[in-house]
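Only one structure is covered here, and it is reproduced in the block below.
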Amino acid sequence: MVFKRRDKRSWLRLVIEALWPRGGWNRAAIYMKHRLRRLPDAPHRIARGIFAGIVISFSPLFGLHFAGAAFLAWVMRGNILAALMATFVGNPITFPFIAAFGVELGNYLLGHPRVMSPLEIFADFGRAGAEFWHNVSSIFTDDVAHWDRLHRFFFRVYLPYLVGGILPGVIAGIVGYYISLPLIIAYQNRRKKKLRDLLERRLAKRDAEMAEGGEEVIDPSSGDDVGDLKR
């Protein structure tokens, strides 16, 4: 196949690169920044997409961040690709801090404050996921489904995370919107100016070559000859 990788990556390699990209997170962030600025869309639509992607990154919808960001961007009439790329805000480095703050804030807002470490939170996610898939597989086997861990997980972690992630997500999204909008506008204006200057230089070069070659130079605005044949 034309686009098939020559060096097939193992599952271990895929996991390692998901946690730490080959060029490092700093290089990945720079790459994402350039891609966002070069999106062919109106600046306010791109900024709305960035807002949507950041907001969803603060939610516990793991596995659904792309779908959630795309849906929110569509509702807001933002750029969907920008929303997908902005979910990069949620990554293995930031997720522990986002989760810990979101769960603690959510528990506080729900009236039962309880401090949980990021390790405890992700351990609960792992146990809940294991129990969920066990219950799904029990439909086709003789195993008995147990929902007590999922019930405890929902009220202990998931609901507080969902509630507590809304406010910081919206605040971070607004900050991202107002930071990205002027940068995108400035970049697009500078890019348009470069393209306009390049076009003017090419037109000037063409006119000069036509004049030197003895061809007739026509003023398109008047339709009259503005040059004579030069031999």
Given (1) in contact with a Gly (Cβ under 8 Å, 6 or more places away or on another chain); (2) assigned to a helix (DSSP H, G or I), number of the condition Leu61 does not satisfy | (2)
With the condition kept exactly as written, say whether any residue in the range 98-112 is part of a helix (DSSP H, G or I), touching a helix residue (DSSP H, G or I) at 6+ places or on another chain (Cβ under 8 Å) and at pLDDT below 85.
-> no
Quick one: count up the residues across the range 131-157 that are modelled with pLDDT of 80 or more and either assigned to a loop (DSSP other than H, G, I, E, B) or in contact with a Pro (Cβ under 9 Å, 6 or more places away or on another chain) (or both).
-> 1
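The values are calculated or read from the model by the stated rules, or taken from the named source; none is laboratory data. Note that the structure is predicted; figures quoted are calculated from it, not measured. FYI the Cβ positions are ideal-geometry reconstructions off the backbone, even for glycines, and counts take in every protein chain you see.
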